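These notes concern the structure reproduced below.
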Amino acid sequence: MKKISKSSLFFLPAFLWVFLFILFPMIWSLYISFFKYNPAIYGPKMTFNWGLNYYYILTDKRFWESMLHQLYYTGVGVAVEVTLGVLVALAIYNYIRSEWLKMVCLIIVTLPIMAAPIIVGTIWRLLFNPGSGVLSALSVMLGFGAIDWFDRAHAMNSLIIADIWEWTGIIALIIYAARIAIPARIYELAKTDGIPDRIVFRRITLPLLAEPIGMATLIRMMDSYKFFDLLFIMTRGGPGTATELPTFYTFILAFEQSDFGKAAALSWILGLIAMFIMQYIWGYFRKLRRFEVRL
Amino acid sequence: MELKRLIVWIALAIYILWVLFPIYWAINSSLKYVWEVNAIPPLWWPPKPTLKNYIWALFSERAGKSLLNSLIVSTGSTAIAVFLGALAGYYFSRYRMHEGIFWWLLTTRMFPPIIFAIPIFLMFKYMGILDTHLALIIAYVAVNIPLAVWLMRGYFDEVPVEVEEAARLDGLTPFKVIWKITMPIIAPGVAATIALTWIFAWNEFLLAYVLTRNVAFTYPVVLPTEVVSSQVFYNRMTALSIVALLPSIIILLVFRKHIVRMYVLR
């Protein structure tokens, strides 16, 4: 018993800190979610309302629309990022001979993921800016006429484009690391046996990369579920609610409508979805620890 | 074969251009005056380059102070988070107990931050510490501890237990063993953990936006606000962005080997 208590001194401070400032607040927000609590309108009074908040959210069209936006955003964005990331990683690995140039390419590819999302959002908002933005100018130059990148039809895709710019690099980096880990001997054997490149790619490279690709996809999916900063600075959910995602709707409920009860209920719905997804990624996630990257 | 190589090179060059162009455009815009930034069609390079925006970003009441606040908050929170994270990481690496807690710590990082931003905001409101550096530091330490624990555990795992046992047989206390023997071995890992934790605090937006107003605001909070009567000061915003991007670039160059490890836990 004494031995346990002494060694737990190591992890207790960290554990307590996270417990006090993450877990306890979350439990508290579960409590709040069962109350009508809107300090801006009704003052600090909290009235128990029998879980009506959850009923409101689940029958709220705006909530379900934001979930659909999330599906579209995650589906399209992550699909493009993974495809592009894998291609870029393999292109750098296979087609650039000089080690030095390989490293320069990888650093450039990684550059966007180190930038704060809010900075990326600023830059892309400027690029998409109607009229004076580069992309508007390009679309005029190419003869498509002036496209308003932030109108109802394009706004979501504009966000996805900015997201692809920022996050393709992480996929490329993970896949590059995984490709390095495949022993070169396999390829030598394939070459001495005279197996054509296309078959080597389909029968050796792809199957061996399947697991890292799966993991990279899951990481990106979880991350896109947390997507907030870019949306905040680029469209603020607009026009109307055309680009609103569930996390942003939670933010609006809490900090613009001051409806903390409903916001807490929505954040718990989002949290439960996250836990549900995590159940599935758990096994995958543990394997990640094996990765060591050599650049 | 050579044709194929050429096509791949061109495609890769296009990709590199696509990555670099927005950064070029940010630098370009940061050297312009506000009427040049909003010119139609856009100007591909600044006609009369000016450093005015950088002076604004570094020394103005609002932007300059926000950078200083960012520096205080990220440095303070990193110091605490890495210290506590190292202790916990050591524990999980050596004692191999409470694995459940380790994984539970990691899960907290997978939730959308808005989930705890709301109750933390309410809690700090009751405690009366909204809009202080302390509030942001407390929140960032909580968010970054899992990252620090994850990274430090990985580095401790690389040091064989036998090394420590030998030192302990020589009569060193457990804390001395960590400090004098293990830490120097994994010094590069510790440096990387510090840098990566720091950059997360530096780049964080949502909590900063929610928890600060007029005193402790950090630079991500200032960025979206440079709009005066429908005039958007993109020249200032990009200048501030470029300044705030510099630490990221330096850390990328120095710690590029460690970056994948960090981003699996973003």
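Computed values, structure above
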{"read-out": "Segment A:152-295: radius of gyration over Cα atoms, expressed as a fraction of 2.2 N^0.38 Å", "value": "1.43"}
{"read-out": "Folded to 0 to 90 degrees: helix B:114-127 orientation relative to chain B principal axis, Cα", "value": "80"}
{"read-out": "Phi to ³J(HN,Hα) by Karplus 6.51 cos²θ - 1.76 cosθ + 1.60 over segment A:49-61, Hz, x for Gly, Pro", "value": "10, 6, x, 4, 3, 5, 4, 4, 4, 5, 9, 8, 4"}
{"read-out": "³J(HN,Hα), Karplus 6.51/-1.76/1.60, whole Hz, each residue of segment A:222-231, x for Gly, Pro", "value": "4, 5, 5, 5, 8, 3, 8, 4, 4, 4"}
{"read-out": "Top of B:Val163, B:Val243, B:Val34 by mean-square fluctuation, Gaussian network on chain B, Cα under 10 Å", "value": "B:Val163"}
{"read-out": "Three-way shape label, chain A, alpha-carbon gyration tensor, a/c 1.5", "value": "oblate"}
{"read-out": "Calculated Rg and Dmax of the protein assembly as shown using C-alpha coordinates, Å", "value": "24.6, 79"}
{"read-out": "Difference of contour (0.36 nm per residue) and Cα-Cα distance, A:Asp151 to A:Lys191", "value": "9.1 nm"}
{"read-out": "Modelled FRET efficiency - R0 22 Å, B:Lys4 with A:Ala79, Cβ distances, 0.05 increments", "value": "0.30"}
{"read-out": "Cut-off under 5 Å, modelled amide H: who pairs with A:Phe35 long-range", "value": "A:Asn49"}
{"read-out": "Label point at A:Tyr72 placed 7 Å out along Cα→Cβ; residues across segment A:232-248 whose backbone nitrogen lies under 18 Å", "value": "A:232, A:234-248"}
{"read-out": "In degrees, nearest ten, helix B:133-157 long axis to first principal axis of chain B (Cα)", "value": "60"}
{"read-out": "Segment A:Lys61-A:Lys45, extension gain: residue separation times 0.36 nm, minus the distance between their alpha carbons", "value": "3.0 nm"}
{"read-out": "DSSP loop chymotrypsin sites (Phe, Trp or Tyr not before Pro) with at most 15 other Cβ within 10 Å excluded, longest remaining stretch of chain A", "value": "A:145-295"}
{"read-out": "In chain A, lysine pairs with alpha-carbon atoms under 17 angstrom apart (chain gap of 8 or more, or interchain)", "value": "4"}
{"read-out": "Partner aspartates and glutamates for B:Lys257 [C-alpha distance under 18 Å; skip if fewer than 8 residues away on the same chain]", "value": "A:Glu99, A:Glu292, B:Asp157, B:Glu158"}
{"read-out": "Rounded to whole Hz, the Karplus (6.51, -1.76, 1.60) HN-Hα couplings of segment B:247-259, x for glycine and proline", "value": "x, 4, 5, 4, 5, 4, 5, 7, 10, 4, 5, 9, 5"}
{"read-out": "Ratio of the Cα radius of gyration of segment A:142-210 to 2.2 N^0.38 Å, where N counts its residues", "value": "1.82"}
{"read-out": "R0 of 45 Å, Cβ-Cβ distance A:Ser98-B:Met127: FRET efficiency to nearest 0.05", "value": "0.20"}
{"read-out": "Neighbour-count order for B:Ser60, A:Ser136, fewest beta carbons within 10 angstrom listed first", "value": "B:Ser60, A:Ser136"}
{"read-out": "Residues of type aspartates and glutamates that B:Lys65 reaches as a straight line, Cα spacing below 17 Å, ignoring anything fewer than 8 places off in the same chain", "value": "B:Asp131, B:Glu204, B:Glu226"}
{"read-out": "Amide H contacts of A:Asp148 (H built 1.01 Å from N, under 5 Å, at least 5 apart or other chain)", "value": "none"}
{"read-out": "Estimated 222 nm signal from helices in chain A, with DSSP H stretches of n ≥ 4 weighted -39500 (n - 2.57), rounded to 500", "value": "-22500 deg cm²/dmol"}
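Computed from the coordinates by the stated procedures, all read-outs in this text should not be read as laboratory data. Values in this document were obtained by computation on a predicted structure and should not be read as measured data. Quick reminder, even Gly has a Cβ in these numbers, built from the backbone with ideal geometry, and neighbours come from all protein chains shown.
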